[in-house]
1. Restricting to the chain, what percent of DSSP beta bridges are antiparallel, rounded to 5?
2. Of the heavy-atom accessible surface of the chain (probe 1.4 angstrom), what whole percent is carbon and sulfur?
3. Any idea of the accessible area per residue across the chain, 1.4 Å probe, to the nearest Å²?
4. Which lysines, on any chain, are close to Lys64 with Cα under 21 Å apart, when same-chain ones fewer than 8 places away are left out?
5. Can you work out the Karplus-derived ³J(HN,Hα) for every residue in the stretch 103-109? Use 6.51 cos²θ - 1.76 cosθ + 1.60 with θ = phi - 60°, whole Hz, and x for glycine or proline.
6. So, counting K/R as plus one and D/E as minus one, what does the shell of residues with Cβ under 9 Å around Pro99 add up to?
7. For the stretch 100-243, what is the charge dipole size about the Cα centre, in debye to the nearest 20, if Lys and Arg each add +1 at the Cβ and Asp and Glu each add -1 at the Cβ?
8. Between Arg183 and Glu207, how high is the FRET efficiency from 1/(1 + (r/R0)^6) when r is the Cβ-Cβ distance and R₀ = 35 Å? Nearest 0.05.
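The values are calculated or read from the model by the stated rules, or taken from the named source; none is laboratory data. Keep in mind it's a predicted model, so treat the numbers as computed, not measured. Using ideal geometry, Cβ is built from the backbone for each residue, glycine included, and neighbour counts are taken over all protein chains shown. When the accessible area is computed, the model is the full protein with side chains, heavy atoms only, and any ligands, DNA or RNA have been set aside. Shrake-Rupley method; radii C 1.70, N 1.55, O 1.52, S 1.80 Å.
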Amino acid sequence: MRPCNPLQKFGLNSLTSSFSKRQDGNMSLGHGDTKNSLENRQEFLGSLGIDYRSLICAKQVHGKNIEYVTGENKGSGALEDDSSVADTDGFITDQKNLPIAIFTADCLSIFIYDYKSPAIALLHAGWRSTEQNISEEALRVMQNRFGSQPEDLFVGFGPSIRSCCFEVEKDFKSNFTFGLLSRNGRVFMDIALVNQRQLMSGGVRKENIFDPALCAFCNNNDFFSFRKEESSSGRMISVLMLK
């Protein structure tokens, strides 16, 4: 199965970026049926030229903490969930051959590439992290660490639940000034659109953001969806690496 490359549109050859699909199997070591997860990782990442034992994974908490990782972190969460980098929903690095990963089932994965440094960021953006503006936080930490300028960044999105399916409470309107749609007295949220606007507000060019507009809930045959499958849901992996 050909991996999905969210940054392919930009013709970038100096990095590896991909997200898995349901057909690739559950990639989580802590959610869903995990008995084949290591084998699934080995096969999927091997197709990308990545050693699954080198993976750096986050213990995601739906916050906005973004960690700078180096070779010392290689293998964190690769073979067991407990060794994942704690209390983290994003990574940045400027080191080559260092694969960073996050896991999703409705939440949005955000791939960021600064071609000038070069440097990368990978974010896990559910509605809570989006409310805390994890996208803007990524721009801030990349600028502080690497001197990254927003206009030089390329961004790709993975699949997520979209406004067609993501019904939220009406009081969300007090927390989000855009990205909410009203239909028949009900309120629906578009996580990807909110993050796109946040990135653009931070200076990222609209033409440098690629949104494949894939709804995990609608396309449950292709993607895991926690909202549809609840505790039985596995997770897709999103992985990014400088070459």
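1. 75 percent
2. The nonpolar share, carbon plus sulfur, comes to 42 percent.
3. 44 Å²
4. Straight-distance partners of Lys64: Lys173.
5. Taking θ as phi minus 60°, the curve returns 10, 9, 7, 3, 5, 9, 9 Hz for the stretch 103-109.
6. Its environment carries a net charge of 0.
7. Dipole size: approximately 80 debye.
8. 0.75
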